[in-house]
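What follows draws every value from the coordinates through simple rules; no lab data is involved. Predicted, not measured: the structure shown is a model, and the values here were computed from it. Quick reminder, even Gly has a Cβ in these numbers, built from the backbone with ideal geometry, and neighbours come from all protein chains shown.
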Amino acid sequence: MRLRNVPHAKETINNNPHYVIPEPKDHRGSWQQIFEKNQPLHIEVGMGRGRFLYGMAQANPQINYLGIEKMDSVLINALERLMKNPLPNLRLVRVDAEQLDEMFARGEVDLVYLNFSDPWPKKKHAKRRLTHENFLKQYETITDFGAIHFKTDNRSLFEYSLMSMANYGMKYDFMSLDLHNSEYEGNIMTEYEARFSKKGHPIYRLEAHFVNQVQICQTMLCEEE
Ligand code: SAM
C-alpha cells in the first residue's frame, strides 16, 4: 500500500473515540458493550482502508464488526467513511495484531478475516505474516476454535498459509484458486482485491477452522470405554 502522509490522521483518530476505540485492552471480555446490539463479533486483521468491512457491516446488520489496523495513515480512510455514513455495527481499533490475545477474552470473537495480508516474502520476516503459527495461536484462542476466512492474490503467501494452517491442524471448509470465476456468491471486494483483480490477478480464497484436538481425544476415549 502506497502510504500517504496524512498529517491530521492521528489527531482525527484521537478525537473520535466513539468510532476508533482507544485502549483496546481495557475492553477485554466486554467488547459487546461498545456496540448497540449484542450479536456475533467478526474482526478483520489488517483492515487497511476498510472498504471490505464497511460493505460487510452494511450487508450484515446482525453481526458486529471490528476493524484492526496498525497504521494511522491507512485507518483514517476507514474512519472518514464511517464518520460520513455511520453504522452501528462497525467500530475500528488502531493496534498491532500481536496484541490480539491481550485485547480479547477466549471465544470473544466469532470469525477472523484476513484479506490481502502483507506477504513479507523474505524468510527472515516469516513471523510477521498474519498466517504464521504465532498468529494462528492467537486466532485459535480468541475465537475458541473458530474460523478464519482468508483472501489474497499472492500465490506464495497462499501456499505458505495453506501449509501453515495444515501444520497447525486446521481443517479447510472452502477453497478457490480463482474466486471471481467461481460459483462463490456474495463476495465483497477489498481495496487490494479491486486493484489486483483489475490487473488480471486471480484471487485465492480459503475458509478454515481450528480443531480442538483435546476434545476429539476425550470423545474417542469415551467411545472406547
Ligand atoms: N485488507 C486490506 C485490503 O485487502 O485492501 C488491506 C491490505 S494491506 C496489503 C495490509 C494491511 O494490513 C496494511 O494496512 C497494514 O498496515 C496492515 N497490517 C499488517 N500487519 C499488521 C499487524 N500486525 N497488525 C495490524 N495491522 C497490520
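Brief remarks on what is shown
- In loop segments of the stretch 166-225 as defined by DSSP, the chymotrypsin sites (Phe, Trp or Tyr not before Pro) with at most 15 further C-beta atoms inside 10 Å of their C-beta are 184.
- Cut-off 10 Å between beta-carbons: net charge of the residues surrounding residue 153, Lys and Arg +1, Asp and Glu -1: +3
- Cα-based reach from residue 151 at 17 Å (exclusive), listing lysines while leaving out same-chain residues under 8 positions away: 171, 198, 199
- Label-to-label distance, nm, for residues given as residue 155 and residue 167 (7 Å Cα→Cβ offset): 2.1
- For the stretch 90-148, taking Cα atoms only, Rg and Dmax work out to 11.9, 35 Å respectively.
- Gyration tensor (alpha-carbon) shape descriptor, the stretch 9-224, a/c threshold 1.5: oblate
- DSSP-loop trypsin sites (Lys or Arg not before Pro) across the stretch 66-149, with at most 16 other Cβ within 10 angstrom: 70, 106, 122
- Gap separating the Cα centres of the stretch 65-89 and the stretch 162-176, nearest whole Å: 30
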